[in-house]
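The values are calculated or read from the model by the stated rules, or taken from the named source; none is laboratory data. What you are looking at is a predicted structure, and each value in this text was computed from that prediction instead of being measured. Reconstructed Cβ throughout: ideal geometry from the backbone, glycine too, with neighbour counts over all protein chains shown.
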Amino acid sequence: MDILIKNGLIITENNDREIFTGNVLIEGNIIKYVGKDIPEHGDVIEINAENKIIMPGFINTHTHIAMSGFKGLLDNMVLNEFLIKTSELDAKRTNEGIYNSSLLGINEMINSGTTSFLDLYYSEDIIEKAVKKTGIRAFLSWATLDEEFTTQKGNPVGNAENFIKSQHPGTVEPMIGVQGIYVSSDENYLKVREVSEKYNVKIHTHLSETRKEVYDFVREKKERPVEHLHKIGFLNKNVIAAHCVWVTLNEIKLLSKSGTKVSWNAISNAKLASGGTAPVPEMLLNNVNVSLGTDSSGSNNSLNMLEEMKFSSLSINNDRWSPAVVKSQEILDMATRNAGIALNKNIGIIKSGYLADIIIINLRNANMIPTTPQNAINNVIFSASPENVEYVIINGEIVKSGGKITNFNADNFMNLNYL
Ligand SMILES: [Zn+2]
């Protein structure tokens, strides 16, 4: 049924970044009206949003959702050890374990107000089943790498192509992924680019995450990863690259020139002690589209975008000795509208004609008082917690209502098969 949300403080995230008290009408899966009047409507579910914020749901642009059951198992280790331990755990997994682990992660995401995620993993066909059960929106990129390094059965690019070719109705959009330069040859990158063009799908990859990975590459190839990937023609507007911590100003300019998008994963980078904060202010100055990702539960260890926004802001501003190098409005843009633009989907803004991916945050809790139009964005970033997220609507469906997830319960999915 259609939904009418009344009398809430709307953070639109539109081009003028308007914030006002008003009403939102959802017809089917589309936002039909946003404004101060009550529009004409048929039968609707009415939600009273007095003393509540109405805003776009968060879009998490880097996850490995099937690793949600790995939380706490990969701590206090550097990326190399982390990857070795991850493949050991991966090798023991069953399809049921991947499915249940994905449900756990999606439960945590919906609970904290995330309405879309961009995933990088193999077995995206199983993850897709979890996505469909929960109603979340997902961009699923099947990870590829050189065959000698993979735990996948069969050829990774062939597997990705088969996944892309299968049917994906509803809220799933297939993509292709690349693990990273430490396990992917030029041939792998170029095949991925070919598949992306053939099926018109986007590409997701890890890029320049750690200093070691970059320096190893420079020693071998005598050029930096972004320079190399630009030279071989891999980088373009369809690529969303996670991390980009160890990039030079010249590489930032190449990211900008090629239209490559960046997913900034501040918590994961700090947890793996990558030893630096991504040069986000320089990316913004050079008009690179930056969005936010949590990375996996192994390297975060949560999938909470409220935490991700807060830590991203604190880490970059502290790093540069200035509390306004990246402003709160820019951080919120990264968690919502920038991600929608990066994914080329009508999400991340509350606007007529856009997909109805909306969250409602209750302001009648001590941690959110006082909230006014002037401080609403700061309060969402620095004070809000998942308990404040009262409603989550994805593709016009209410999936969290009155603070409870409506259509599935993570407690039923405890069999993770590898512990
Ligand atoms: Zn990752």
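Pairs only if they're at least six apart or on different chains, beta carbon under 8 angstrom, first in segment 376-398 and without any contact (Cβ under 8 Å) to a residue 60 or more places away in the chain, second among the polar types (S, T, N, Q) and part of a strand (DSSP E or B); list them, first residue then second.
Matching pairs, first to second residue: ASN388/ASN362.
Table: residues versus (1) under 20 Å from the mean Cα position of the chain (by Cα); (2) of a type in the set (Val, Ile, Thr); (3) at pLDDT 95 or above.
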residue	(1), (2), (3)
PHE117	yes, no, yes
TYR122	yes, no, no
ARG137	yes, no, yes
TRP142	yes, no, yes
GLU147	no, no, no
GLN179	yes, no, yes
SER184	no, no, yes
LYS191	no, no, yes
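Please determine whether any residue of segment 2-18 is out of contact with any Phe, Trp or Tyr (no Cβ under 9 Å at 6 or more places or on another chain), within 29 Å of ILE240 (Cα to Cα), of a type in the set (A, V, I, L, M, F, W, C) and more than 16 Å from the ligand (Cβ to nearest atom).
yes
Is at least one residue of segment 93-107 more than 24 Å from LEU118 (Cβ to Cβ) and among the hydrophobic types (A, V, I, L, M, F, W, C)?
no
Where in segment 249-365 are there helices (runs of 4 or more DSSP H), lying fully within it, with 3 or more residues that are under 20 Å from LYS237 (Cβ atoms)?
Counting at least 3 such residues, we get 249-258, 280-285, 337-342.
Within segment 101-130, can you find the residues that are over 19 Å from ALA339 (Cα atoms) and of a type in the set (Val, Ile, Thr)?
Of everything in segment 101-130, those that are over 19 Å from ALA339 (Cα atoms) and of a type in the set (Val, Ile, Thr) turn out to be ILE126, ILE127.
For segment 74-109, give me each residue that is within 26 Å of THR134 (Cα to Cα), of a type in the set (A, V, I, L, M, F, W, C) and under 23 Å from the mean Cα position of the chain (by Cα).
Answer for segment 74-109, where residues must be within 26 Å of THR134 (Cα to Cα), of a type in the set (A, V, I, L, M, F, W, C) and under 23 Å from the mean Cα position of the chain (by Cα): ILE98, LEU103, LEU104, ILE106, MET109.
Of everything in segment 289-303 that's small (Gly, Ala, Ser) and closer than 18 Å to VAL326 by Cα, which residue is nearest to the ligand (Cβ to nearest atom)?
If we take residues in segment 289-303 being small (Gly, Ala, Ser) and closer than 18 Å to VAL326 by Cα, then GLY293 is nearest to the ligand (Cβ to nearest atom).
Only one of LYS212, LYS237 is basic (Lys, Arg) and part of a helix (DSSP H, G or I). Can you tell me which?
When all the criteria are applied, what remains is LYS212.
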